[in-house]
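*Asks:* Mind looking over this structure? Questions follow.
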4 protein chains.
Amino acid sequence: MKPLICVEDFQVAAYEKLSRDALDYYRGGSGDEETLSANEDEFKKLRILPRFLRDVSNISLDTEIFGDKVSCPIGVSPSAMHKLAHPRGELATAQGINRVGSLMTLSTLSTSSIEEVASECPRLIKWFQLYIFKDRNESLKLVKRAEQAGFKALVLTVDAPQFAVRRKDLRNNFQIPAGFLANFDHKSARAIQNLEYIDAGITWKDLTWLTSVTNMPVLVKGLLTAEDCLMAIEHGAKGIIVSNHGGRQLDSAPATVSRSEMKIPIKKLDPLTSLS
Amino acid sequence: MKPLICVEDFQVAAYEKLSRDALDYYRGGSGDEETLSANEDEFKKLRILPRFLRDVSNISLDTEIFGDKVSCPIGVSPSAMHKLAHPRGELATAQGINRVGSLMTLSTLSTSSIEEVASECPRLIKWFQLYIFKDRNESLKLVKRAEQAGFKALVLTVDAPQFAVRRKDLRNNFQIPAGFLANFDHKSARAIQNLEYIDAGITWKDLTWLTSVTNMPVLVKGLLTAEDCLMAIEHGAKGIIVSNHGGRQLDSAPATVSRSEMKIPIKKLDPLTSLS
Amino acid sequence: MKPLICVEDFQVAAYEKLSRDALDYYRGGSGDEETLSANEDEFKKLRILPRFLRDVSNISLDTEIFGDKVSCPIGVSPSAMHKLAHPRGELATAQGINRVGSLMTLSTLSTSSIEEVASECPRLIKWFQLYIFKDRNESLKLVKRAEQAGFKALVLTVDAPQFAVRRKDLRNNFQIPAGFLANFDHKSARAIQNLEYIDAGITWKDLTWLTSVTNMPVLVKGLLTAEDCLMAIEHGAKGIIVSNHGGRQLDSAPATVSRSEMKIPIKKLDPLTSLS
Amino acid sequence: MKPLICVEDFQVAAYEKLSRDALDYYRGGSGDEETLSANEDEFKKLRILPRFLRDVSNISLDTEIFGDKVSCPIGVSPSAMHKLAHPRGELATAQGINRVGSLMTLSTLSTSSIEEVASECPRLIKWFQLYIFKDRNESLKLVKRAEQAGFKALVLTVDAPQFAVRRKDLRNNFQIPAGFLANFDHKSARAIQNLEYIDAGITWKDLTWLTSVTNMPVLVKGLLTAEDCLMAIEHGAKGIIVSNHGGRQLDSAPATVSRSEMKIPIKKLDPLTSLS
């Protein structure tokens, strides 16, 4: 195997190891994948203006978020079903993140459970990603389990009231393997597979409700307009994750890194506002 | 055959089924096909800014146009000679549109007649596309037949006083098969084939005339400037179809979706103004 | 041979017929050929905004220039040595232009002489392209011969005080064949071949001089800035040919069709100002 | 071998002659090589607006810098280890530059020593490129040797407090050959190879210090913002070399030729400000 020097090397290596189903699930975007490719293209167009003759003999990327120290201002976003890639699933991911001292966001659709990840890496800063289900008690149970397991924040995904059409998955007739979702019993898992659980009717009031039932700070993930960011903060969010769901939900949404549509001054936003 | 998941899949399937003549007639644009490709390229550059945490548990694309209910705000534009693709021609098209509840615009150059389409799909919302001929009575006869057959609007095409050079058709020496045009008797059909019928001398007054001889609302198809849109409304049009004829008439015309040249405020325009 | 439907068809046919030397001489630009390709790329980006419902039953491109009627507002620019392509050289070109009723500009470096072209096509509107030589009398002789032969205007090329490096010609070690230049005797032709004739020291005063020694209107060819256009008119030019010498002189000059650098209002310019 | 007519010809010839290690060392950039390719792409987009009918019969590119006459306003930037390409290393480079009358900047990491180059080409205008080492005396020794050898200016490189990751070198496991660096004894050379020498803690004060210990003018190389250019001049620099280190240091830095980020009026800058 080629030495793994850059992200692309890992990508190439993964292409050799993964099953077609898993590969397409991970790399595929929605629709024509215009937003998927815009994410990368726009990112490459960013230019950094370096300043020089500063003393850089001692440099550190350490930072703090919600009172927790992390080794760099980059955390790991939630993504589903790591066992598609490796039998140890999110436990392996947690180990890796733990080693570099960053933070991990565990997906609701993880294949290692909340409790397993907590027990594997008790000191790792862990956040939990949540959908609001039609049955609010189901959501509440997950919140309480995350709290119990020492997770430090909730990440509410709001850009998937309906799941988008991802053509690669359709062509593969991709199905979530039975028993794969570790945070649910058999019955709930099947409902989730059929997308019967997620509530397409949630509104800003549900965000307020969520902040009222937990002591964890709540971040809203998936916003793409300044207007929605302000509304999130008004309704109790402690942070925002700007995201187009990796180009996997609304195709034709702007690239995550594009700031052209953020029409309100960034300083109006909470400094915790982050980018993913 | 591959499953038909997206528009491109249909395109690939069509490439396998169609004769070279038909394929080139349908896919070819005029001149260097700069406008043809700009139509698609500019469309892909559009970005949608989604807002979230709205209740989307009950959504509907139903809308109303000229008092008729349609299942979505997208209708089918006129295109000529569907029998090049399938022996049932426009009857098959009408059936498909009927099934999804949208509206159909039948071309003057159709290969199923006004009356055949009306009898096949009596409940389908149907519009009729018209050229103004040198012999106004010939045009008037078509208008009356459309009215009689229950068509709901007229679409006057104004961007083809001369037909553009489409090189693919020239290379194929493409000819309209004898007896193909279903709305005309043998003699008229031959005149149309030779482009002797269409009047290159029509002006805005002819639009006013057309609106005076029918109770159907008249839409003007093919406008690309705000100035022309305003003139159309002044001369009695009830709607506008912004179009560059699918890149098949004036090559170097702007992409249909490009609004950069629409220099007057869109709110000055009738809300029926649509895009095709 | 494929039917010749568009410019590209002629280009492909020429590639098959021409010698490598001739092909490269005609198609090559200077330097990296950035300006050569910009000429075509920028041209394709132009968009025409059509207006409709005008009476176009009788249309004509006829126009008049310097009192002469031509069939369209497009004339043929000077280009050197047509006998590289065909043994009848500029006589064949003149015949073709004569047939469509446009106008021809004969190059100083033509391979059919002033008098031959005049005698072949006496009614064709002919202009003569001129360089100013170190020996002004040599230039004057050409002017008088053109006048005598019924040419209607002079086109003074000003963008080639030094000839640019065209790499294709260098690689081919391209040489003008002996006796090829029809407007010169053997001795002068050799001097021109060695580029000893053209005066790199000419200034605006030489333009004024040229206008004083002929009754023909003088156009200046090769200007790319509004400032130079205004100076040309002040010094007696009756017309301007905006040109970057077909991308064959200064590589990195703007595309001919690009107007971004023309910073003075176009209405300040003489309406004869044209584009080539 | 093909005749060497343009830069690309030399590049192709070099590809045939160089070892893979050397080739990759010379052509490789840092990271994704976005800045490396932007350097060339942006340069090609520059447009020159030529003015005509000026007397250009006597033209000269001669100019003067720091009181020295050079044959053109283009000098040769420092680059490391020419012996990777040819056994005569920087001596051969010096000879070539000497022949055209331009100026040479010798790299600290040269494979021919300060004294060797000076003795080979005593009349060539030579500048010396410097890093500031943790041990200031080591730097000072180089400064004095350059002064002694008749070098005319110092070029302080400030954009490499840490060396960037160049993936091609990593993949080749590229190592500086032992004994290759001609300006250092064995021990120092090894320290430099291990990057133990260069001081990541230098600040603007060190620039002031450097200007105080030499009579040679000091240029600062590697600045990319107007703000840093002004600071350089305030701290004693006599010239600035705008550079992103050939796309070999911070990937995502703007193209060298891009002026979009230079937000202060260029006239505030010393006229010696140059571009490389």
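The values are calculated or read from the model by the stated rules, or taken from the named source; none is laboratory data. The structure presented is a predicted model; accordingly, all values stated were derived computationally and were not measured. Counting neighbours? That spans all protein chains shown, and the Cβs are built from the backbone with ideal geometry, glycine included.
*Asks:* Please state which of the following conditions A:Ile59 fails to meet, knowing it meets all the rest: (1) closer than 30 Å to A:Ile198 by Cα; (2) within 14 Å of another protein chain (Cβ to nearest Cβ).
*Replies:* A:Ile59 satisfies all of (1) closer than 30 Å to A:Ile198 by Cα; (2) within 14 Å of another protein chain (Cβ to nearest Cβ) except (1).
*Asks:* Of these, D:Leu181, D:Leu124, D:Leu106, which one is touching a helix residue (DSSP H, G or I) at 6+ places or on another chain (Cβ under 6 Å) and modelled with pLDDT under 95?
*Replies:* Exactly one residue qualifies, and that residue is D:Leu181.
*Asks:* How about region D:19-49: which of its residues are in a loop (DSSP other than H, G, I, E, B) and at pLDDT below 95?
*Replies:* Once the filter is applied, which keeps residues that are in a loop (DSSP other than H, G, I, E, B) and at pLDDT below 95, region D:19-49 yields D:Leu46, D:Arg47, D:Ile48, D:Leu49.
*Asks:* Additional query: Do you know which residues across region C:138-189 are in contact with a Lys or Arg (Cβ under 7 Å, 6 or more places away or on another chain) and over 30 Å from C:Ile233 (Cβ atoms)?
*Replies:* C:Arg166, C:Asn172, C:Phe180
*Asks:* For region A:1-40, name all the residues that are within 20 Å of A:Gly89 (Cβ to Cβ) and within 14 Å of chain D (Cβ to nearest Cβ).
*Replies:* Once the filter is applied, which keeps residues that are within 20 Å of A:Gly89 (Cβ to Cβ) and within 14 Å of chain D (Cβ to nearest Cβ), region A:1-40 yields A:Phe10, A:Gln11.
*Asks:* Just one of (1) at pLDDT 95 or above; (2) within 22 Å of C:Lys44 (Cβ to Cβ); (3) within 13 Å of chain C (Cβ to nearest Cβ); (4) touching a Leu at 6+ places or on another chain (Cβ under 8 Å) trips up B:Gly246, so point out which.
*Replies:* It fails just one condition, (3).
*Asks:* Among the residues of region C:126-150, write down those that are surrounded by 23 or more Cβ atoms within 10 Å (Cβ to Cβ) and under 20 Å from C:Gly101 (Cβ atoms).
*Replies:* C:Lys126, C:Trp127, C:Phe128
*Asks:* Tell me whether region D:172-182 contains one or more residues that are outside any loop (DSSP other than H, G, I, E, B) and either more than 19 Å from D:Arg136 (Cα to Cα) or more than 13 Å from chain A (Cβ to nearest Cβ) (or both).
*Replies:* Yes.
*Asks:* If you go through region A:105-135, how many residues are among the charged types (D, E, K, R) and either touching a Pro at 6+ places or on another chain (Cβ under 6 Å) or without any contact (Cβ under 8 Å) to a residue 40 or more places away in the chain (or both)?
*Replies:* Of region A:105-135, the ones among the charged types (D, E, K, R) are A:115-116, A:120, A:123, A:126, A:134-135.
Going one step further and asking which of them are either touching a Pro at 6+ places or on another chain (Cβ under 6 Å) or without any contact (Cβ under 8 Å) to a residue 40 or more places away in the chain (or both), we end up with A:115, A:120, A:123, A:126.
Qualifying residue count, region A:105-135: 4.
*Asks:* Here's a check for you: in region B:58-77, which residue that is assigned to a loop (DSSP other than H, G, I, E, B) and in contact with a Lys or Arg (Cβ under 9 Å, 6 or more places away or on another chain) is surrounded by the most Cβ atoms within 10 Å (Cβ to Cβ)?
*Replies:* Selected residue: B:Ser77.
*Asks:* Considering only residues that are under 30 Å from D:Phe174 (Cβ atoms) and within 11 Å of chain A (Cβ to nearest Cβ), which ones fall in region D:184-203?
*Replies:* Answer for region D:184-203, where residues must be under 30 Å from D:Phe174 (Cβ atoms) and within 11 Å of chain A (Cβ to nearest Cβ): D:Ile198, D:Asp199, D:Ala200, D:Gly201, D:Ile202.
*Asks:* Looking only at residues in region C:126-151 that are closer than 20 Å to C:Ser77 by Cα and in contact with an Asp or Glu (Cβ under 6 Å, 6 or more places away or on another chain), which one is farthest from the other protein chains (Cβ to nearest Cβ)?
*Replies:* Among residues in region C:126-151 that are closer than 20 Å to C:Ser77 by Cα and in contact with an Asp or Glu (Cβ under 6 Å, 6 or more places away or on another chain), the one farthest from the other protein chains (Cβ to nearest Cβ) is C:Ala149.
*Asks:* If I filter region A:211-240 down to residues being under 22 Å from A:Asn137 (Cβ atoms) and assigned to a strand (DSSP E or B), which single residue comes out as farthest from the other protein chains (Cβ to nearest Cβ)?
*Replies:* Once the filter is applied, the top-ranked residue is A:Val218.
*Asks:* So, C:Asp206, is that one under 20 Å from C:Gly31 (Cα atoms) and modelled with pLDDT of 95 or more or not?
*Replies:* Here the answer is no, as C:Asp206 does not meet what is asked.
*Asks:* Which of the residues that make up region B:9-23 are surrounded by 18 or more Cβ atoms within 10 Å (Cβ to Cβ) and either in contact (Cβ under 8 Å) with a residue 24 or more places away in the chain or basic (Lys, Arg) (or both)? It would help to see each step written out before you state the result.
*Replies:* Let us first name the residues in region B:9-23 that are surrounded by 18 or more Cβ atoms within 10 Å (Cβ to Cβ), namely B:22-23.
Passing the criteria: only B:Ala22.
*Asks:* Name the residues in region B:158-205 that are free of Cβ contacts under 8 Å to residues at least 24 places away in the same chain and under 20 Å from B:Ser252 (Cβ atoms), would you?
*Replies:* B:Leu170
*Asks:* Looking at the structure I just gave you, is D:Thr35 of a type in the set (Ser, Thr, Tyr) and crowded, with 18+ Cβ neighbours inside 10 Å? Quick ask: steps written out before the conclusion?
*Replies:* Values: of a type in the set (Ser, Thr, Tyr): yes; crowded, with 18+ Cβ neighbours inside 10 Å: yes.
In short, yes.
*Asks:* Would you mind stating whether D:Lys168 is within 14 Å of another protein chain (Cβ to nearest Cβ), at pLDDT 95 or above and crowded, with 18+ Cβ neighbours inside 10 Å? Spell out how you get there, then give the answer.
*Replies:* Working: within 14 Å of another protein chain (Cβ to nearest Cβ): yes; at pLDDT 95 or above: yes; crowded, with 18+ Cβ neighbours inside 10 Å: yes.
When the stated conditions are applied, D:Lys168 passes them.
*Asks:* Out of B:Glu8, B:Glu33, B:Glu64, report the one residue that is among the acidic types (Asp, Glu) and within 23 Å of B:Val155 (Cβ to Cβ).
*Replies:* On inspection, the qualifying residue turns out to be B:Glu64.
*Asks:* Still on this structure, I have one more. In the set B:Leu84, B:Leu46, which member is surrounded by 15 or more Cβ atoms within 10 Å (Cβ to Cβ) and either more than 12 Å from every other protein chain (Cβ to nearest Cβ) or under 30 Å from A:Gly222 (Cβ atoms) (or both)?
*Replies:* Step by step, each of B:Leu84, B:Leu46 is checked, and only B:Leu84 is surrounded by 15 or more Cβ atoms within 10 Å (Cβ to Cβ) and either more than 12 Å from every other protein chain (Cβ to nearest Cβ) or under 30 Å from A:Gly222 (Cβ atoms) (or both).
*Asks:* Can we say B:Leu53 is without any contact (Cβ under 8 Å) to a residue 60 or more places away in the chain, surrounded by 15 or more Cβ atoms within 10 Å (Cβ to Cβ) and part of a loop (DSSP other than H, G, I, E, B)?
*Replies:* It is true that B:Leu53 is without any contact (Cβ under 8 Å) to a residue 60 or more places away in the chain, surrounded by 15 or more Cβ atoms within 10 Å (Cβ to Cβ) and part of a loop (DSSP other than H, G, I, E, B).
*Asks:* Please state which of the following conditions D:Asp206 fails to meet, knowing it meets all the rest: (1) within 11 Å of chain A (Cβ to nearest Cβ); (2) in a helix (DSSP H, G or I); (3) surrounded by fewer than 17 Cβ atoms within 10 Å (Cβ to Cβ).
*Replies:* Among (1) within 11 Å of chain A (Cβ to nearest Cβ); (2) in a helix (DSSP H, G or I); (3) surrounded by fewer than 17 Cβ atoms within 10 Å (Cβ to Cβ), the lone unmet condition for D:Asp206 is (3).
*Asks:* Okay, moving on. Determine whether D:Ala253 is under 30 Å from D:Gly31 (Cα atoms), in contact with a Pro (Cβ under 8 Å, 6 or more places away or on another chain) and modelled with pLDDT of 95 or more. Walk me through how you get there before you give the answer.
*Replies:* Numbers: under 30 Å from D:Gly31 (Cα atoms): yes; in contact with a Pro (Cβ under 8 Å, 6 or more places away or on another chain): yes; modelled with pLDDT of 95 or more: yes.
Spelling it out, D:Ala253 is indeed under 30 Å from D:Gly31 (Cα atoms), in contact with a Pro (Cβ under 8 Å, 6 or more places away or on another chain) and modelled with pLDDT of 95 or more.
*Asks:* Only one of (1) free of Cβ contacts under 8 Å to residues at least 40 places away in the same chain; (2) under 23 Å from C:Glu34 (Cβ atoms); (3) within 14 Å of chain C (Cβ to nearest Cβ) fails for D:Ile74. Which number is that?
*Replies:* All conditions pass for D:Ile74, except number (3).
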